[in-house]
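Heads up: the structure comes next, in structure tokens.
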Amino acid sequence: MKSEICRTPDKEERSLLRQVLDKIANHCRARSLFILHYCTGCGAIELPPVITSRFDSERLGIQPMVTPRQADILLITGYLSIKTLKRVILTYEQMAAPKYVIGMGSCTINGGMYWQSYATIKRLLEYIPVDMYMAGCMPRPEAMQQGFLQLMDNIDNGNANCWKDYYYNYDEYLGHQQALFGPDWHTPTDVIAEARHYQLFGEKTIGDHTALLAKFASKYVTKTIPNHIVGVN
Amino acid sequence: MSTPLPEILDSTLQNIPNLTFTVQDRHRLRIELHRDRLPALLELLKGRAGYLHLSAISCVDWPDTDEFELVYHLWSYEVKTLISAHIHIPKNPGRYISVYDIYTPAAFFERDIHEMFGVYFEGALDMEPFILTEWYGPPPMLKSFSSVDYVKETFKWQEYSPDWLKDIEEKGGQVVE
């Protein structure tokens with residue numbers, strides 16, 4: 001006899017069930033966020049009052065965390081030199097999904113007051129997907145609190161999905177990275193394999209730029225991309 | 001010269017020919033000399049006058065002349081005086097000798113100047129990239145290098161057209177750069 005409880009749900013029902021589970025997960029997730037304790041530029045000086053007793057972000061469930069693998073939020077607190085960007089990308093790829101990137105200050109939006117510097121990048125979103133910007137030079141702690149609340153709302157409503165974009169459009173992000181670091185740039189993380197694992201492998205995950213990755217593949221890259229997928233001989 | 005030099009410094013400086021100096025302050029002395037004489041001056045200042053601390057080497061790229069100016073800043077803990085020794089080297093080929101054998105901290109300064117200005121120091125400890133490890137362009141501190149042009153060629157900009165700006169533009173206004 002077919003049990004009522006153990007029946008296999010049909011596709012529509014299953015997706016509905018998953019939607020409910022996702023909603024519950026997102027609701028919980030939004031109330032327990034860890035910021036990676038990694039600061040660049042001048043914005044770092046605004047963080048201590050936000051985190052500690054003055055503005056106390058802990059009451060929102062937001063705390064600093066020391067390792068990228070245990071953090072949810074990567075806070076880019078100001079200008080990024082090309083050299084730092086390399087480290088930021090390495091850090092970002094180590095973080096476990098779902099992960100959220102906040103660009104703080106004008107520098108991450110358009111270069112800010114360092115717009116004419118040869119050594120800093122201008123638009124952070126070319127290199128890693130950015131969930132939210134906090135404009136200002138620097139934004140006050142109140143603005144940061146407001147931003148955190150907005151991010152919590154976005155996560156709760158299921159709108160903070162930029163991390164998926166990194167997998168869907170990995171080729172484009174990698175292309176921008178290669179333009180700065182040279183064609184042999186690669187990270188120890190096999191992003192393409194991760195994209196397959198998360199079932200986020202899209203049409204733009206691989207392309208001309210990831211083909212270069214296969215060409216210069218280091219020992220860290222577990223699987224080279226077959227030529228018939230890349231389309232090169 | 002209003003303030004007389006300490007005796008030990010005066011006798012030391014007399015050993016170097018074609019040397020001009022100006023006492024700028026009680027604690028500051030500016031020396032200009034020919035580039036060939038600089039290592040001898042540094043040896044004497046360190047060995048006899050107690051100038052143990054090479055606090056910096058700075059480089060100036062003068063746009064109108066074909067020369068780099070190198071400034072060696074030396075500090076004495078005994079007479080409490082900062083000496084800046086100025087020399088000029090031709091931009092082409094832009095080579096000079098390292099003073100690493102006299103002052104070991106010179107290694108960092110020379111490496112930095114090599115990176116930022118392209119001056120090669122013969123006999124230096126290390127001339128590999130120091131800060132600009134991700135840089136493949138010309139030495140960026142040269143006056144001939146335009147940072148703005150480089151940025152305009154290399155980077156794209158965020159589009160900026162908020163609604164309130166559209167309203168202003170409709171009325172004939174604009175954002176002044």
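Things to note:
- Every pair of residues 6+ apart whose Cβ atoms lie under 7 Å, when the first sits in the range B:145-169 and is touching a residue at least 12 places away in the same chain (Cβ under 8 Å) and in a helix (DSSP H, G or I) while the second is of a type in the set (F, W, Y) and surrounded by 13 or more Cβ atoms within 10 Å (Cβ to Cβ): B:Y150/A:Y118
- Residue that is surrounded by the fewest Cβ atoms within 10 Å (Cβ to Cβ) [pool: residues in the range B:67-103 that are in a loop (DSSP other than H, G, I, E, B) and aromatic (F, W, Y)]: B:Y77
- Counting only strands (runs of 3 or more DSSP E) that sit completely within the range B:1-61, those holding 2 or more residues that are of a type outside the set (K, R), modelled with pLDDT of 85 or more and in contact with a His (Cβ under 9 Å, 6 or more places away or on another chain) correspond to B:28-32, B:53-61.
- If you check B:V119, B:V60 for being free of Cβ contacts under 8 Å to residues at least 12 places away in the same chain and among the hydrophobic types (A, V, I, L, M, F, W, C), only one passes: B:V60.
- Wholly within the range A:110-203, helices (runs of 4 or more DSSP H) carrying at least 2 residues that are without any contact (Cβ under 8 Å) to a residue 40 or more places away in the chain and in contact with a strand residue (DSSP E or B) (Cβ under 7 Å, 6 or more places away or on another chain): A:141-156
- Here the condition is being surrounded by fewer than 14 Cβ atoms within 10 Å (Cβ to Cβ), within 14 Å of chain A (Cβ to nearest Cβ) and among the basic types (K, R); of B:K156, B:K166, B:K171, it holds for B:K156 alone.
- Checklist (1) in contact (Cβ under 8 Å) with a residue 24 or more places away in the chain; (2) under 21 Å from B:T12 (Cα atoms); (3) in contact with a Leu (Cβ under 7 Å, 6 or more places away or on another chain) applied to B:H73, failing item: (1)
- Pick from the range A:112-123, criterion more than 11 Å from B:K152 (Cα to Cα) and crowded, with 22+ Cβ neighbours inside 10 Å, ranking: nearest to the other protein chains (Cβ to nearest Cβ): A:I121
- Odd one out for A:R31, checked against (1) outside any helix (DSSP H, G or I); (2) at pLDDT below 85: (2)
- Candidate set: the range B:125-142, residues that are surrounded by 11 or more Cβ atoms within 10 Å (Cβ to Cβ) and among the charged types (D, E, K, R); chosen: the one nearest to the other protein chains (Cβ to nearest Cβ): B:E134
- Residues of the range A:59-94 that are crowded, with 18+ Cβ neighbours inside 10 Å and part of a strand (DSSP E or B): A:I62, A:P64, A:I73, A:L74, A:L75, A:I76, A:S81.
- All conditions in (1) in contact (Cβ under 8 Å) with a residue 40 or more places away in the chain; (2) assigned to a helix (DSSP H, G or I); (3) more than 25 Å from B:K152 (Cα to Cα) hold for A:A97, with the sole exception of (2).
- Extreme residue, nearest to A:T205 (Cα to Cα), among residues of the range A:137-172 that are surrounded by 17 or more Cβ atoms within 10 Å (Cβ to Cβ) and of a type in the set (G, A, S): A:A160
- Enumeration of residues in the range B:104-115 that are over 23 Å from B:L44 (Cβ atoms) and surrounded by fewer than 18 Cβ atoms within 10 Å (Cβ to Cβ): B:F108
- Residue list for the range A:69-94, filter: β-branched (V, I, T), under 21 Å from B:G137 (Cα atoms) and free of Cβ contacts under 8 Å to residues at least 60 places away in the same chain: A:T84
- Contacts under 9 angstrom Cβ, first residue in the range A:53-68 being at positive phi, partner surrounded by fewer than 16 Cβ atoms within 10 Å (Cβ to Cβ), 6 or more apart: A:G61/A:R31; A:G61/A:S32
The values are calculated or read from the model by the stated rules, or taken from the named source; none is laboratory data. Please read all numbers here as calculations on a predicted model, not as lab measurements. Every residue, glycine as well, gets a Cβ built from its backbone with ideal geometry; the counts of neighbours run over all protein chains shown.
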